[in-house]
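Contents: one structure, followed by commentary.
The values are calculated or read from the model by the stated rules, or taken from the named source; none is laboratory data. All of these numbers come straight from a predicted model, not from anything done at the bench. A quick note on method: Cβ atoms are made from the backbone with ideal geometry, for glycine too, and the neighbour counts reach across all protein chains shown.
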Amino acid sequence: MILTPRNRTYFRKPFPRARGDYPAFFAQQSQKDCFEELDVEKCKVVAALDKHTCPICGKLDGTIIKMSDYEVGSTAPPFHPWCRCTTAPYFEDMEGIGERYARDVETGESFTVPKDMTYEQWKAIQDKKYGAGKVDTERKKVYNEVADKKQFEAYKKRLSDEVPKTFKDFQEFKYTNPEAYKDLTEHYRYKGRVPEATKEDFETYKAIKAIGIRGSIRVPALPSQHAYILEDKSSKRDPAHIMHRMFERNISADNVQNYIDNALFSVKQYKGTRRVFYSKEGVTVLTYTQDYDGIDWIAKTTWSKYDFEETVEKAIQEAIKHGK
Ligand SMILES: [Zn+2]
Ligand SMILES: [Zn+2]
């Protein structure tokens, strides 16, 4: 590929310079002057063959620039802030003669490769040696090191033993086990929401969620609270709904309270204005109220195990299976 002002896809105009980039701009500018003095007609982009090189520069490695199109920060490096690319004179009849340096992505040792080897070829060789995706993985480790370190510390603090022991192991895990890593991030968030949850609670939560219980599920259940059996004045249809249901279903006030006290898990619904407590014996739903002084939650409805839907039945079974 020849890089011209027409196909310079990355920066149509030289990009704004970051403070650290002035040396790179000056170096490339003097490189240009030097090539012109030597009557060089074309030059070639030379990216570093190591794990620090980004995909943009990697793709541009080996591309040819006519000196007439040479524009620092656009068709010629730097291609982006902190770009490490340089240029070298290009002569058709000299292709393949000489060597260039490359680094091993794992050991960091440098070695020489034929001069016309491109970044993509070097990458393919490294990936073959260490397994597919190796170069990308190692680059991510380098690029994200600062953020990953913060994340590692936060994860260790919240999840202790669940997190790989060392930072090195953590990064390796993060970039090579996407499924397991996703599970760890989910566990981290879950423990943020439910601080007292054990690993087993988290597994129970996932199993219940998978069954299709809707709302924000919590294992263990929310702390117990008193179920006031009062009229729900905000209900236009049936303010005494809870009393009707208790009567129809032969559920006592003690039962209503016991379903809460012995809940295996709870679920928040309606933007947190409903709390549903699920126990082996039955379910009690509380609703937020502003109708009574000093009382925030009243019982909304209840049903016993004889009226469990299939999903609730399954969810209860999952909780029991996980040792609840
Ligand atoms: Zn780059
Ligand atoms: Zn570069």
Quiz item: Does the stretch 94-101 include one or more residues that are over 22 Å from Leu38 (Cα atoms), in the same structural domain as Glu120 (by TED's automatic domain parsing), assigned to a helix (DSSP H, G or I) and within 16 Å of ligand 2 (Cβ to nearest atom)?
Solution: no
Quiz prompt | Met94, sole failed condition from (1) on the phi < 0 side of the Ramachandran plot; (2) within 16 Å of ligand 1 (Cβ to nearest atom); (3) out of contact with any Asp or Glu (no Cβ under 6 Å at 6 or more places or on another chain) | solution = (2)
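Can you find even one residue in the stretch 76-88 that is more than 16 Å from ligand 1 (Cβ to nearest atom), under 25 Å from Asp21 (Cα atoms) and over 25 Å from the mean Cα position of the chain (by Cα)?
Keep residues of the stretch 76-88 that are more than 16 Å from ligand 1 (Cβ to nearest atom), which gives 88.
Cutting the leftovers down to under 25 Å from Asp21 (Cα atoms) gives us 88.
From the residues that got through so far, the ones that are over 25 Å from the mean Cα position of the chain (by Cα) too are 88.
There is at least one residue in the stretch 76-88 that is more than 16 Å from ligand 1 (Cβ to nearest atom), under 25 Å from Asp21 (Cα atoms) and over 25 Å from the mean Cα position of the chain (by Cα).
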Quiz item: Would you call Arg218 basic (Lys, Arg) and in the same structural domain as Tyr278 (by TED's automatic domain parsing)?
Solution: yes
Exercise. Being under 30 Å from Gly131 (Cβ atoms) and either modelled with pLDDT under 85 or surrounded by 11 or more Cβ atoms within 10 Å (Cβ to Cβ) (or both) narrows it down to one of Glu95, Glu106, so name that one.
Key: Glu106
Quiz item: Which helices (runs of 4 or more DSSP H) sit wholly inside the stretch 103-190 and have at least 3 residues that are acidic (Asp, Glu)?
Solution: 145-159
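Is it the case that some residue within the stretch 98-116 is of a type in the set (Gly, Ala, Ser) and more than 32 Å from the chain's Cα centre (by Cα)?
From the stretch 98-116, those of a type in the set (Gly, Ala, Ser) are 98, 102, 108, 110; that's our starting set.
With more than 32 Å from the chain's Cα centre (by Cα) added as a condition, the list becomes 98, 110.
Yes.
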Quiz item: Restricting the search to the stretch 305-323, which residues are assigned to a helix (DSSP H, G or I) and either loosely packed, with under 13 Cβ neighbours inside 10 Å or not β-branched (Val, Ile, Thr) (or both)?
Solution: Lys305, Tyr306, Asp307, Glu310, Glu313, Lys314, Ala315, Gln317, Glu318, Ala319, Ile320, Lys321
Quiz item: Which residues, taken from the stretch 60-90, are within 13 Å of ligand 2 (Cβ to nearest atom), in contact with a Lys or Arg (Cβ under 8 Å, 6 or more places away or on another chain) and not in a loop (DSSP other than H, G, I, E, B)?
Solution: Val72, Ala76, Thr87
Practice problem: Hey, can you tell me all the residues within the stretch 146-171 that are of a type in the set (D, E, K, R) and without any contact (Cβ under 8 Å) to a residue 24 or more places away in the chain? | Solution: Lys149, Lys150, Glu153, Lys156, Lys157, Asp161, Lys165, Lys168, Asp169
Quiz item: Take the residues of the stretch 207-229 that are without any contact (Cβ under 8 Å) to a residue 12 or more places away in the chain and not in a loop (DSSP other than H, G, I, E, B): which is farthest from Ala263 (Cα to Cα)?
Solution: Ala210
